[in-house]
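Only one structure is covered here, and it is reproduced in the block below.
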Amino acid sequence: MHRLLSLSLGLMTSLAVVTTSAHAVDGTLTLYTSQPNTDAQQSIDAFMQAYPDVKVTFVRDGTTKIMAKLEAELAAGSTPADVLLIADSVTMEGLKARDLLMAHPDADVSAYADGTHDAGKTWFGTKLITTGIMYNTAAAMKPASWQDLLKDEARGQIAMPSPLTSGAALIHTATLVDNLENGWGYYEGLAANGAQASGGNGGVLKQVAGGEKLYGMVVDFLPIREKAKGAPVEFVFPEEGVSAISEPVAILSSTRNPEAAKAFVDFLLSREGQELALSQGYLPAHPDVAVPAGFPDRSTIKVMPFDAAKSLEDAESNKARFADIFGQQG
């Protein structure tokens, strides 16, 4: 991993020399991000090695709290944030609709699949963090399909994050409803089978790894990492496909340093930036970059179609429908 990162940084330095000769990239840049602290610092350090005349600082919190901070600052008249790197594209679509994002028409997305970025080039997916099924190895039934969670063997044994509190879970719900043949009927079946929805992905991991529940809906890297550490869990990419959040990056229209902000976006989308994501244990959005240890071949991972703009329109009705099915407060 260290050798890969060193090689990548060397390549990025060469790339930066070419870039800076065409555009002066210097000054300061403030990143608001929901990345884990270690990942955020690694990304910034790699970028600053490629662009040594730019000093980057960052503010880190969960997407909901980061957005609350940003909204409060915007309401007060200004924000120090130049770039956002957060969990989901639905939040980005909301900002785009309010003209709060700056387009980056020169961003190179030629290698990326449609749907991983905004067609208007205001936000760009940097990873594919999918949601599938994890199970405790003590479970008798080994699921291969989303429909397997409706079987009697899974009754009362399913944990899942709630879309009322988790952005990734809201995207997952919208994706399954739009792609599974039984739509909302699938969630009605889960509720009838005793599935429990609460909190976020970390709680699901804890319940299934600890044997409190045998099955869970969860983001891929959590159980894959825990399995590597010896936890009694397996992760399945269901045959119908998986949902995915893309940890998009975007430039705020109020940025005081657009050239540095564009360079930061370009870095994350570059082959070198995507290899950094790989070294951090994530599935890169770039289709030509390898997959992390523990993941199956990329060609076997089917990502279900997802429309971020439609999901934004449907967000409140989807939350209300979910809350009604599971008897929760929205």
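The values are calculated or read from the model by the stated rules, or taken from the named source; none is laboratory data. Keep in mind that what you see is a predicted model, and the values were worked out from it rather than measured. As a convention, Cβ positions derive from the backbone with ideal geometry for all residues, glycine included, and neighbour counts pool all protein chains shown.
Has segment 170-182 got any residue that is closer than 14 Å to PHE322 by Cβ, out of contact with any strand residue (DSSP E or B) (no Cβ under 6 Å at 6 or more places or on another chain) and modelled with pLDDT under 95?
The answer is yes; a qualifying residue exists.
Need the failing condition index for TRP184 against (1) without any contact (Cβ under 8 Å) to a residue 40 or more places away in the chain; (2) more than 22 Å from the chain's Cα centre (by Cα), just the number.
Evaluating TRP184 over (1) without any contact (Cβ under 8 Å) to a residue 40 or more places away in the chain; (2) more than 22 Å from the chain's Cα centre (by Cα) leaves (1) as the failure.
Out of LYS142, LYS121, report the one residue that is of a type in the set (Lys, Arg) and in the same structural domain as THR33 (by TED's automatic domain parsing).
Testing whether each residue is of a type in the set (Lys, Arg) and in the same structural domain as THR33 (by TED's automatic domain parsing) leaves just LYS121.
Out of all the residues in segment 221-236, is one or more more than 24 Å from THR137 (Cα to Cα), more than 18 Å from the chain's Cα centre (by Cα) and not in a loop (DSSP other than H, G, I, E, B)?
no
Tell me, yes or no, whether segment 256-275 has at least one residue that is polar (S, T, N, Q), assigned by TED's automatic domain parsing to the domain that holds GLY27 and not in a loop (DSSP other than H, G, I, E, B).
Of all residues in segment 256-275, those polar (S, T, N, Q) come to 257, 270, 274.
Within this subset, residues satisfying the condition of being assigned by TED's automatic domain parsing to the domain that holds GLY27 are 257, 270, 274.
Keeping just the survivors that are not in a loop (DSSP other than H, G, I, E, B) gives 274.
There is at least one residue in segment 256-275 that is polar (S, T, N, Q), assigned by TED's automatic domain parsing to the domain that holds GLY27 and not in a loop (DSSP other than H, G, I, E, B).
Within segment 47-56, can you find the residues that are in a helix (DSSP H, G or I) and more than 22 Å from the chain's Cα centre (by Cα)?
MET48, GLN49, ALA50
Which members of segment 96-128 meet the condition of being within 17 Å of ASP307 (Cβ to Cβ) and either β-branched (Val, Ile, Thr) or surrounded by fewer than 14 Cβ atoms within 10 Å (Cβ to Cβ) (or both)?
Matches in segment 96-128: ALA97, ALA113, ASP114, THR116, ALA119, GLY120, THR122.
If only one of GLU71, GLU93 is surrounded by fewer than 18 Cβ atoms within 10 Å (Cβ to Cβ) and of a type in the set (D, E, K, R), which one is it? Show your work before the answer.
Details: GLU93 fails: surrounded by fewer than 18 Cβ atoms within 10 Å (Cβ to Cβ).
Result of the check over GLU71, GLU93: GLU71.
Kindly indicate whether SER270 is farther than 26 Å from LYS96 by Cα, out of contact with any Asp or Glu (no Cβ under 6 Å at 6 or more places or on another chain) and small (Gly, Ala, Ser).
For SER270, the condition - farther than 26 Å from LYS96 by Cα, out of contact with any Asp or Glu (no Cβ under 6 Å at 6 or more places or on another chain) and small (Gly, Ala, Ser) - is not met.
What's the number of the condition GLY62 fails, among (1) surrounded by fewer than 18 Cβ atoms within 10 Å (Cβ to Cβ); (2) at pLDDT below 85; (3) touching a Phe, Trp or Tyr at 6+ places or on another chain (Cβ under 7 Å)?
Single failed check for GLY62: (3).
Just name the residue that is modelled with the highest pLDDT out of those in segment 274-313 that are touching a strand residue (DSSP E or B) at 6+ places or on another chain (Cβ under 9 Å) and over 19 Å from ILE224 (Cβ atoms).
MET304
If you take the residues in segment 248-264 that are surrounded by fewer than 24 Cβ atoms within 10 Å (Cβ to Cβ) and either at pLDDT below 95 or hydrophobic (A, V, I, L, M, F, W, C) (or both), which one is nearest to the chain's Cα centre (by Cα)?
This residue is LEU252.
What is the residue count in segment 21-46 for residues that are of a type outside the set (Gly, Ala, Ser), in a helix (DSSP H, G or I), modelled with pLDDT of 95 or more and under 22 Å from THR79 (Cα atoms)?
Of the residues in that region, 2 qualify.
Among LYS151, LYS227, LYS206, LYS213, which is the only one that is at pLDDT 95 or above and either surrounded by 22 or more Cβ atoms within 10 Å (Cβ to Cβ) or not assigned by TED's automatic domain parsing to the domain that holds ASP307 (or both)?
Testing whether each residue is at pLDDT 95 or above and either surrounded by 22 or more Cβ atoms within 10 Å (Cβ to Cβ) or not assigned by TED's automatic domain parsing to the domain that holds ASP307 (or both) leaves just LYS213.
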